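First up is the structure itself, then whatever we jot down about it.
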Amino acid sequence: MAQGLLEGRYAIVTGAASARGLGKATAKLFADHGATIAILDLDANAAKAAAADLGEDHVGFACDVTDKTACASVASELKARWGRIDVLVNNAGITQPLKLMEIEPQNYEAVLDVNLRGTLYMSQAVIPGMREVGSGSIVNLSSVSAQRGGGIFGGPHYSAAKAGILGLTKAMARELAPSGVRVNAICPGFIATDITAGKLTDEMRAQVLAGIPMGRAGEASDVAGCALFLASDLSAYCTGTEVDVNGGSLIH
């Protein structure tokens, strides 16, 4: 590769320590394209190990994205280290396969907190620095569940959290556009990751695949490629968009 699409850029990817996850795949592709990465995860050692896998300039930090102070503190440490933060990928998320009447207060809080509140807090932590330099790209992870009302794996509270991310993405994009900061969302369909591994019966899997025109599950790399596009100048005139990465399963 002659010139990476993110050469000289600094990027944060949250929830990116899991080896087969979307965050790790995204961090690796960004690094391959010249970005310097900070991997944030709940587990400091896992985050550091994942960063070390990418190469020596990358860093890993523990960060609970539901803790506003923790988000601000990591962002300020990275800004001091790097001078700027160019890209944020809000990938941290959890899911629970519960039916409507099974959702207890603690389930609602856990899923809404990590997915939606975490996306807000981490974005708030990097926005002042992005405004300062008049540029930046924030990529939020939503889900096909938000668009079709679940039906794959996560429960209704997961659909609600991921739908909330779409509304938040558009509102952020509108407010931040005059500052030169772009905000977009990715809606992955059925992707083969650790979250889904071993949780689906063969029958459920066959049913899911039957609804995908491309006839296969997505790979983490499919989502990473879309994130690279949204993080880079290739998407310079895109803000407030939601990009479907689902093999055609939501063709209207």
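Throughout, read-outs are computed from the coordinates displayed, never taken from laboratory work. Since the model is a prediction, treat every value here as computed from it, not as a measurement. Positions of Cβ are backbone-derived with ideal geometry, glycine not excepted, and every protein chain shown enters the neighbour counts.
What to note about this one:
- Alpha carbon centroid spacing (whole Å) that separates segment 11-41 from segment 197-252: 18 Å
- In segment 10-238, lysine pairs closer than 25 Å at Cα, eight or more apart or cross-chain: 17
- Most to least packed among 123-134, 178-189 [average Cβ atoms within 10 Å]: 178-189, 123-134
- Ranked by the mean number of other Cβ atoms within 10 Å of their residues, highest first, the peptides 12-23, 44-55, 97-108 come out as 12-23, 44-55, 97-108.
- Extended-chain gain in nm, criterion 0.36 nm per residue less alpha-carbon gap, Tyr237 and Ser73: 56.0 nm
- A simple packing score, the average count of other Cβ atoms within 10 Å per residue, orders the peptides 237-248, 153-164 as 153-164, 237-248, with the highest score first.
- Relative contact order (%) - criterion: Cα under 8 Å, at least six apart; region: the chain: 19 percent
- In terms of its C-alpha gyration tensor, segment 1-110 comes out prolate, because a/c is 1.5 or above and the ratio a/b outweighs b/c.
- Local charge for His157 was computed over the other residues whose Cβ lies under 11 Å away, with Lys and Arg +1 and Asp and Glu -1, and equals -2.
- Prolate/oblate/rounded label for segment 155-215 (Cα gyration tensor, a/c 1.5): prolate
- Applying 0.36 nm per residue to the separation of Glu203 and Arg84 and subtracting their alpha-carbon distance, the gain on full extension is 38.0 nm.
- Charge context of Thr66, other residues only, Cβ under 14 angstrom, K/R +1, D/E -1: -3
- Annotation: extensible slack from Ile94 through Ala52 equals 12.7 nm (criterion: 0.36 nm per residue apart, minus Cα-Cα distance).
- Sites Glu102 and Ala210 - FRET efficiency at Förster radius 22 Å, r taken between beta-carbons, to 0.05: 0.25
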